[in-house]
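**Q** So that we are looking at the same thing, I have put the structure below in structure tokens.
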Amino acid sequence: MPAPALPFGLTAEALAAAMAEPDPDGLAAASRLRAAYGPEQAAGALHQASLRRRARTKFGDAAAGLFFTREGLEQATRPVVADHHAARFRAAGVRRVVDLGCGIGADALAFVRAGLEVVAVESDPATAAVARANLGVRPDGARPRMASAEVICADAEEVAPALLGPGVAAFCDPARRNARGRLWQVSDFTPGWDFVTGLLAGDRVAGVKLGPALPHALVPPGVEAEWVSAGTDTVEVALWAGSGAQAGVDAALLLPAERLAVARPTAARPHPTLPVRPVGRYLYEPDGAVIRARGVAVLGERLGAWSIDPQIAYLSGDELVPTPFAVAFEVLEVLPYDRKALRRWLRDHSVGTLEIKLRGLDVDPAELRRRLGSHGTASATVVLSRTPSGAVALVVKRR
């Protein structure tokens, strides 16, 4: 069977030559490829080689076999997160998923890996061509290498009614970027916000991927909101409806498997509150997904910890309780936040390498580090935080 066509009219030879270049963004590479393949092939192949190098941080070694657009790479789901989306659909008993706004096909690939039938819809022709190449589907749709994958270039809102038959699940990752950059208002997303939230009406299994900064006020009632961290980054909030979704729950998920569920507050059942006390022997820095899911107090109760300020997401306690949901530090010293006092402490302890963490203070860590100066070969971590009794500088050690 013929291989799927490469997007952007690229030839395999030009792309292979670009991938072999040590610096695809350099002038020497451009000169070599123009001479061998012409200006258009050279520009397109080198652009793909450059994007593949950038994509390694998100896709690892798999990036070398995928195609990208600049905007598509920025919004594409990391494989470990996409596999989690697929696992949720599998656990809900889903067999067929319509991926509305599939971008370069990162989630669709995970659905295929999970054995699901996928119809991927993308309105931009160039991006749809990339998704076809990534899924191994020929442009005419005939004899795809992955029989469970199909890519349609169309407006998601127009074709969704025909595609979302009984028992078919919906997934949507609305475009949150345009040529000018990131879009912050949900009213500017594509597909439109009313369409996106309409997928979550509860009459089907549905998932919607959004940026982790989504305000809680925009989470529709009756859905599950799951903030996801992968590695050290909080990467998304996914809204889930239908079978398997926990309605009224905000959850923090630390991939691959750590989950903290938080009941969404109501008038009759508000969020728990923690006592506010001075810093104890240990300090906890909750993961970003825990903070986004408003789970700091729930985590504090698990740890037997308290808050050091009612508006600051640091917890403290006198007993060290291991948890995947926070980084724990032993507090070595508590100093008032005063530059002279802090500089004196650093000098007395010969600190030349300083890590600064902070919350609740208008401080530029790089500028503060420059002003404090370097005083030796030792290293230290200092946490700056607001407290009800004034700002403090905590000298800490990771545990």
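**Q** Considering only the range 222-253, how many residues are more than 19 Å from VAL94 (Cβ to Cβ), among the hydroxyl-bearing types (Ser, Thr, Tyr) and surrounded by fewer than 22 Cβ atoms within 10 Å (Cβ to Cβ)?
**A** Within the range 222-253, residues that are more than 19 Å from VAL94 (Cβ to Cβ), among the hydroxyl-bearing types (Ser, Thr, Tyr) and surrounded by fewer than 22 Cβ atoms within 10 Å (Cβ to Cβ) number 1.
**Q** Also, I was wondering about something else. Within the range 309-323, track down each residue that is assigned to a loop (DSSP other than H, G, I, E, B), of a type outside the set (Phe, Trp, Tyr) and within 18 Å of HIS271 (Cβ to Cβ).
**A** Answer for the range 309-323, where residues must be assigned to a loop (DSSP other than H, G, I, E, B), of a type outside the set (Phe, Trp, Tyr) and within 18 Å of HIS271 (Cβ to Cβ): ASP309, PRO310, GLN311, ILE312, ALA313.
**Q** Any residue at all in the range 169-188 that's at pLDDT below 95, farther than 28 Å from GLU150 by Cβ and of a type in the set (Ser, Thr, Tyr)?
**A** yes
**Q** Of all residues in the range 253-291, how many are in contact with a Pro (Cβ under 6 Å, 6 or more places away or on another chain) and either part of a loop (DSSP other than H, G, I, E, B) or farther than 13 Å from ALA326 by Cα (or both)?
**A** Qualifying residue count, the range 253-291: 2.
Rundown of residues vs (1) touching a Phe, Trp or Tyr at 6+ places or on another chain (Cβ under 7 Å); (2) closer than 28 Å to ALA170 by Cα, yes/no style:
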position	(1), (2)
PRO24	no, no
ALA30	no, no
GLU40	no, no
LEU46	no, no
LYS58	no, yes
ALA86	yes, yes
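For every residue, the table says whether it meets (1) in the same structural domain as LEU210 (by TED's automatic domain parsing); (2) aliphatic (A, V, I, L, M); (3) touching a strand residue (DSSP E or B) at 6+ places or on another chain (Cβ under 8 Å); (4) closer than 19 Å to PHE8 by Cα.
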| residue | (1), (2), (3), (4) |
| --- | --- |
| ALA63 | no, yes, no, yes |
| ARG78 | yes, no, yes, no |
| ASP83 | yes, no, no, no |
| GLU122 | yes, no, yes, yes |
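**Q** Provide a single number: the residues in the range 345-365 that are in a helix (DSSP H, G or I) and surrounded by 14 or more Cβ atoms within 10 Å (Cβ to Cβ).
**A** Summing the residues that are in a helix (DSSP H, G or I) and surrounded by 14 or more Cβ atoms within 10 Å (Cβ to Cβ) in the range 345-365 gives 4.
**Q** Return only the number of the condition from (1) surrounded by fewer than 20 Cβ atoms within 10 Å (Cβ to Cβ); (2) modelled with pLDDT of 95 or more; (3) among the charged types (D, E, K, R); (4) closer than 19 Å to LEU6 by Cα that ARG138 does not satisfy.
**A** Exception for ARG138: condition (2).
**Q** Return the pairs, sorted by first residue and then second, in which the second residue is surrounded by 18 or more Cβ atoms within 10 Å (Cβ to Cβ) and charged (D, E, K, R), the first residue lies in the range 47-63 and is touching a residue at least 12 places away in the same chain (Cβ under 8 Å) and closer than 19 Å to VAL80 by Cα, the beta carbons are less than 6 Å apart, and the residues are 6+ apart or on different chains.
**A** Within 6 Å, the pairs are LYS58/ARG78.
**Q** Can you work out which of the residues in the range 271-316 that are of a type in the set (Val, Ile, Thr) and in contact with a helix residue (DSSP H, G or I) (Cβ under 8 Å, 6 or more places away or on another chain) is surrounded by the fewest Cβ atoms within 10 Å (Cβ to Cβ)?
**A** THR273
**Q** For the range 263-283: of the residues being among the charged types (D, E, K, R) and more than 17 Å from ALA328 (Cα to Cα), which is modelled with the lowest pLDDT?
**A** My answer is ARG269.
**Q** Take residues that are under 24 Å from GLN75 (Cα atoms) and tell me which of the helices (runs of 4 or more DSSP H) falling wholly in the range 1-64 contain 2 or more.
**A** By residue number, 12-19, 39-59.
The values are calculated or read from the model by the stated rules, or taken from the named source; none is laboratory data. Source: prediction; values computed, not measured. Positions of Cβ are generated from backbone atoms using ideal geometry, with glycine treated the same way; all protein chains shown enter the neighbour counts.
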